[in-house]
Amino acid sequence: ETGVTQTPRHLVMGMTNKKSLKCEQHLGHNAMYWYKQSAKKPLELMFVYSLEERVENNSVPSRFSPECPNSSHLFLHLHTLQPEDSALYLCASSQDLRLGYQYFGPGTRLTVL
Amino acid sequence: GENVEQHPSTLSVQEGDSAVIKCTYSDSASNYFPWYKQELGKGPQLIIDIRSNVGEKKDQRIAVTLNKTAKHFSLHITETQPEDSAVYFCAASKDTDKLIFGTGTRLQVFP
């Protein structure tokens, strides 16, 4: 596989469930990102990792927990979400943090019931 | 912090016509301006970008112009085709700071 892949592509979960989103990049990049995309809103940056270290957390509620075990993989662990968390969650990567354009994955469409 | 406004939110054009999408930004220190295209069921894909040291950049039917004084930049698509139909996002950033995205423009090209 090439580029940035995300699994699952679709996820429906209840408010008491625990689930994880997975992102994998096959580009040899050093930086990875999680974004939230809601209808009629700008893309919201959630977390930034550089060389497996979290460098940014944009006031994201603790029910979202990221994990970056190596430079190719990024996870988003979900716990006790709310219906308003339903959105498309996009993963992206870039060569590094310095002005590299970002490659996006196809996203995970999350519905919280 | 940076704020990016994008207009229009929807745009319908006839095949072969041109389409223009405009964005304004608030932080005069911003120096990198990419444009992304998002097709249904896919993530955004970079289509063109421009840095603040140039005023215009072209790639076949796509061009981007930047006016640093007015703090706005625009995407121009000429000879539009049905496959250009998608949502387009502009973004702005400075140095190593994060990308700030506009709210998107849904472009529909009618045959």
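The values are calculated or read from the model by the stated rules, or taken from the named source; none is laboratory data. Remember, it's a predicted structure, so these values are computed and weren't measured experimentally. Neighbour counts are summed over all protein chains in view; Cβ atoms, including those assigned to glycine, are modelled from backbone coordinates with ideal geometry.
Matching residues to (1) more than 21 Å from A:S38 (Cβ to Cβ); (2) surrounded by fewer than 13 Cβ atoms within 10 Å (Cβ to Cβ):
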| site | (1), (2) |
| --- | --- |
| B:G1 | no, yes |
| B:Y36 | no, no |
| B:D59 | yes, yes |
| B:L66 | yes, no |
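Starting from residues that are of a type in the set (A, V, I, L, M, F, W, C) and farther than 15 Å from B:A91 by Cβ, keep the ones in region B:30-56 and report whichever is farthest from the chain's Cα centre (by Cα). Here the residue is B:L40. Please enumerate the residues belonging to region A:49-73 that are buried (at least 17 other Cβ atoms within 10 Å of the Cβ), away from chain B (no Cβ under 14 Å) and in contact (Cβ under 8 Å) with a residue 40 or more places away in the chain. Selection gives A:S71 alone. Close Cβ contacts (under 9 Å, 6 or more residues apart or on different chains) running from residues in region B:15-39 that are within 12 Å of chain A (Cβ to nearest Cβ) and over 22 Å from B:V54 (Cα atoms) to residues that are of a type in the set (S, T, Y) and surrounded by fewer than 16 Cβ atoms within 10 Å (Cβ to Cβ) are absent. State whether the residues of region B:49-68 include one that is free of Cβ contacts under 8 Å to residues at least 24 places away in the same chain, farther than 22 Å from A:L90 by Cα and within 10 Å of another protein chain (Cβ to nearest Cβ). So far as region B:49-68 goes, yes, one or more of its residues are free of Cβ contacts under 8 Å to residues at least 24 places away in the same chain, farther than 22 Å from A:L90 by Cα and within 10 Å of another protein chain (Cβ to nearest Cβ). For region B:46-66, how many residues are of a type outside the set (D, E, K, R) and at pLDDT below 95? Of the residues in region B:46-66, 6 are of a type outside the set (D, E, K, R) and at pLDDT below 95. Among residues of region A:14-28 being polar (S, T, N, Q) and in a loop (DSSP other than H, G, I, E, B), the one that is farthest from A:P69 (Cα to Cα) is A:T16. Of all residues in region B:92-103, those that are facing chain A (nearest Cβ under 7 Å) have Cβ atoms under 7 Å from Cβ atoms of residues that are among the charged types (D, E, K, R), 6 or more apart or on another chain, in B:T96/A:R98; B:K98/A:E56; B:G102/B:E5; B:T103/A:K40; B:T103/A:K41.
From the residues in region A:1-47 that are closer than 17 Å to A:L78 by Cα and either touching a helix residue (DSSP H, G or I) at 6+ places or on another chain (Cβ under 6 Å) or β-branched (V, I, T) (or both), which one is nearest to the other protein chains (Cβ to nearest Cβ)? By that ranking, first place goes to A:T7. The residue that is surrounded by the most Cβ atoms within 10 Å (Cβ to Cβ), among those in region B:3-17 that are at negative phi and more than 14 Å from the chain's Cα centre (by Cα), is B:V13.
Within region B:81-91, one or more residues are surrounded by 13 or more Cβ atoms within 10 Å (Cβ to Cβ), aromatic (F, W, Y) and either within 11 Å of chain A (Cβ to nearest Cβ) or over 11 Å from the mean Cα position of the chain (by Cα) (or both).
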